[in-house]
Amino acid sequence: MIQELQLRLSPRDASNPHTIKDAAARKCGINIKKINAIQVLRRSIDARGRNVMIQIQLVIYTDGDTPASIPPVEYPMVENATPIIIIGSGPAGMFAALKCIEKGYRPIVLERGKDVRSRRVDLKSLSVDHIVNPDSNYCFGEGGAGTYSDGKLYTRSRKRGDVDGVLRRLVECGAQEEIITDARPHIGTNRLPQVVENIRHRITEHGGLYLFGQRVTDFIIKDSHIEGVITSSGEKYTAAAVILATGHSARDIYALLHRKGIMIESKAVALGVRAEHSQDLIDHIQYGKEGRGKYLPAASYKIVEQCAGRGVYSFCMCPGGYIVPSATDECQVVVNGMSPSSRNNRYANSGIVVEIHPEDLPESYHKYGELCMMEYVKDMEYRSWIAGGKSQCAPAARMTDFCEKRASSSLPATSYTPGITSADMDYVLGDFVAPRLREGFVKFGQKMRGYYSSEACIIGVESRTSSPVRIPRDATTLSHPQISGLFPSGEGAGYAGGIVSAAIDGENCALAAINYISGK
Ligand SMILES: Cc1cc2nc3c(=O)[nH]c(=O)nc-3n(C[C@H](O)[C@H](O)[C@H](O)COP(=O)(O)OP(=O)(O)OC[C@H]3O[C@@H](n4cnc5c(N)ncnc54)[C@H](O)[C@@H]3O)c2cc1C
């Protein structure tokens, strides 16, 4: 017999498989020995009451029944199959490549950056020596922007594709099994590089081509049809379909599309700062006066307010994490966050950002046309670099000083390794974002007591929350409306926001490209 049920257990009981089994047996009124297996479907934390509880949705198997195992995908050898070019090896590119192989097509993945291991050396030099390699950094390189991240796998894209399939592929490639059942799954920056490397091996072992150091600099287009691409080394690659999955930081790709008269659209973004608190404080705010204790994970938060007509909200919160330098070029300071799987650092950081629409921009940006938002974001990152002292040192202020409009005479300790410096955050953020952030922080403090604090630090500028440009595509064929055979994909094209949604969009674009090729 197969029976589904819900349990509500203390964090301690929920940490022990035997206690869970025992509680399930008691709830069903059966002897524990009758249970053959238990399968946890979902696990979530309920911190609303005085005592934090864990809710577990599970299935128990009795009377000879056992869970059916889902077989892994069988990949054929595609070395001599029809090629499909994929630009970018982020989640969209990697999952597009896997889908191509599954369907019998040969992916040619062109990646401007380096493999995960070589990339690590450049990340170190970014943090320690403040040197930005424009092809190898926190956004560019194998695995894309998601590799050295928190690896949070939350998504609202369930209707757009097979989320569980994406999670299963990640587990098959080395991610922890719990990501399938956790309500708020994450992998952690210490584990992601291995997972990304294993995905590459899977692709190359089945005949896919994976090339690093291949920055695409031009498209080969004939009669409004894409025939291939040219890379910075002068190499030409041709195929009947090209999936463009270059992420939200590939400004050279947006400039190329614009220059070639290929339709793009400007879109809203969200920009602000990383707010950093002690994790202990966030644990106490979220879990109550007992704090986290031994059995609960580092607490997270999600918060949103309307301030002067625009949303101000937390973005990519990293419990027990680090703030990292995410610039992709010189003369920029950009911050983002990541955390290890254990989330055991003593800081909690989150992007706190204000939504900004093209019509909110000062008149001077409108001359850039569809690239207006990209130019605005670039300017804010440049200001951040100036205010930080023209290095990867980031401009910062105590939260209360910023809100009370005074300079910080000292700053709290931070997880941001290149260092922070007290700066005029009004200059960094400009007069659209700064006042709304101020209002937002005060309101957050009213909702989460202790959040608005002089011990909290705000660090600028968090500007890579989404793409400043949308590359249009037909809703059914997913092809660019003007250039046939070109499939804009993932976050850079404006169709995803996060690892899982980008992966799903990559899969969908691979299927669309295959449909297009087979219908030709
Ligand atoms: C520090 C950090 C932490 C993050 N944390 C999380 C998180 O916890 N959870 C989450 O869901 N999301 C997180 N994100 C966002 C997430 O990483 C992105 O949403 C996701 O990676 C987008 O996938 P993508 O494949 O569309 O693009 P990307 O991951 O940006 O990949 C694009 C790839 O294209 C390559 N490329 C760019 N231009 C070219 C070119 N001209 N030629 C060849 N290759 C090119 C790049 O090198 C890159 O590898 C984080 C991002 C950062 C930077």
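May I ask you to list the residues in segment 204-227 that are more than 16 Å from the ligand (Cβ to nearest atom), open to solvent by 30 Å² or more (accessible area, probe 1.4 Å) and within 25 Å of GLU172 (Cα to Cα)?
THR204, GLU205, HIS206
Which of the residues that make up segment 495-520 are more than 10 Å from the ligand (Cβ to nearest atom) and outside any helix (DSSP H, G or I)?
Those that are more than 10 Å from the ligand (Cβ to nearest atom) and outside any helix (DSSP H, G or I): GLY519, LYS520.
Within segment 476-494, how many residues are outside any helix (DSSP H, G or I) and within 12 Å of the ligand (Cβ to nearest atom)?
Here the count works out to 3.
Name the single residue that is farthest from the ligand (Cβ to nearest atom) among those in segment 273-296 being surrounded by fewer than 18 Cβ atoms within 10 Å (Cβ to Cβ), assigned to a loop (DSSP other than H, G, I, E, B) and not aromatic (Phe, Trp, Tyr).
LYS289
Determine if segment 228-243 includes at least one residue that is part of a loop (DSSP other than H, G, I, E, B), touching a strand residue (DSSP E or B) at 6+ places or on another chain (Cβ under 6 Å), within 15 Å of the ligand (Cβ to nearest atom) and among the aliphatic types (A, V, I, L, M).
Yes; the residues of segment 228-243 include at least one that is part of a loop (DSSP other than H, G, I, E, B), touching a strand residue (DSSP E or B) at 6+ places or on another chain (Cβ under 6 Å), within 15 Å of the ligand (Cβ to nearest atom) and among the aliphatic types (A, V, I, L, M).
Just give me the residues in segment 112-147 being more than 6 Å from the ligand (Cβ to nearest atom), in a loop (DSSP other than H, G, I, E, B) and open to solvent by less than 20 Å² (accessible area, probe 1.4 Å), in sequence order.
Result: VAL132, ASN137, GLU142, GLY143, THR147.
Have a look at PRO107, PRO83, PRO91, PRO76 and point out the one that is surrounded by fewer than 17 Cβ atoms within 10 Å (Cβ to Cβ) and at pLDDT 95 or above.
Exactly one residue qualifies, and that residue is PRO76.
Just to be sure before I move on: is TYR154 within 12 Å of the ligand (Cβ to nearest atom) and open to solvent by 40 Å² or more (accessible area, probe 1.4 Å) in the structure I sent?
Spelling it out, TYR154 is indeed within 12 Å of the ligand (Cβ to nearest atom) and open to solvent by 40 Å² or more (accessible area, probe 1.4 Å).
Check off (1) within 14 Å of the ligand (Cβ to nearest atom); (2) surrounded by fewer than 16 Cβ atoms within 10 Å (Cβ to Cβ); (3) at pLDDT 95 or above for GLU265 and give me the number that stays unchecked.
Single failed check for GLU265: (1).
Look through SER422, SER484 and report the one residue that is outside the structural domain of ASP150 (by TED's automatic domain parsing), more than 19 Å from PRO107 (Cβ to Cβ) and open to solvent by 10 Å² or more (accessible area, probe 1.4 Å).
So the residue among SER422, SER484 that is outside the structural domain of ASP150 (by TED's automatic domain parsing), more than 19 Å from PRO107 (Cβ to Cβ) and open to solvent by 10 Å² or more (accessible area, probe 1.4 Å) is SER422.
Out of the residues in segment 180-203 meeting the condition of being in a loop (DSSP other than H, G, I, E, B) and charged (D, E, K, R), tell me which one is most open to solvent (accessible area, probe 1.4 Å).
Only one residue fits best here, namely ARG184.
Working only within segment 229-239, note down all residues that are open to solvent by less than 30 Å² (accessible area, probe 1.4 Å) and either over 24 Å from ASP505 (Cβ atoms) or touching a Gly at 6+ places or on another chain (Cβ under 9 Å) (or both).
Result: THR231, ALA239.
Looking only at segment 327-368, count how many residues are over 24 Å from GLY141 (Cβ atoms) and aliphatic (A, V, I, L, M).
Summing the residues that are over 24 Å from GLY141 (Cβ atoms) and aliphatic (A, V, I, L, M) in segment 327-368 gives 6.
Would a scan of segment 457-475 turn up a residue that is surrounded by fewer than 22 Cβ atoms within 10 Å (Cβ to Cβ), more than 8 Å from the ligand (Cβ to nearest atom), at pLDDT below 95 and of a type in the set (Lys, Arg)?
no
Out of all the residues in segment 334-357, which are within 17 Å of HIS248 (Cβ to Cβ), in contact with a Gly (Cβ under 8 Å, 6 or more places away or on another chain) and open to solvent by less than 20 Å² (accessible area, probe 1.4 Å)?
Selection gives VAL335, GLY337, GLY351, VAL353.
The values are calculated or read from the model by the stated rules, or taken from the named source; none is laboratory data. If you're wondering where the values come from, they're calculated on a predicted model, not measured in any experiment. Ideal geometry is used to build each Cβ from the backbone, glycine not excepted, and the neighbour counts take in all protein chains shown. Just so you know, the surface numbers come from the protein's heavy atoms only, side chains and all, with ligands and any DNA or RNA stripped out. Shrake-Rupley method; radii C 1.70, N 1.55, O 1.52, S 1.80 Å.
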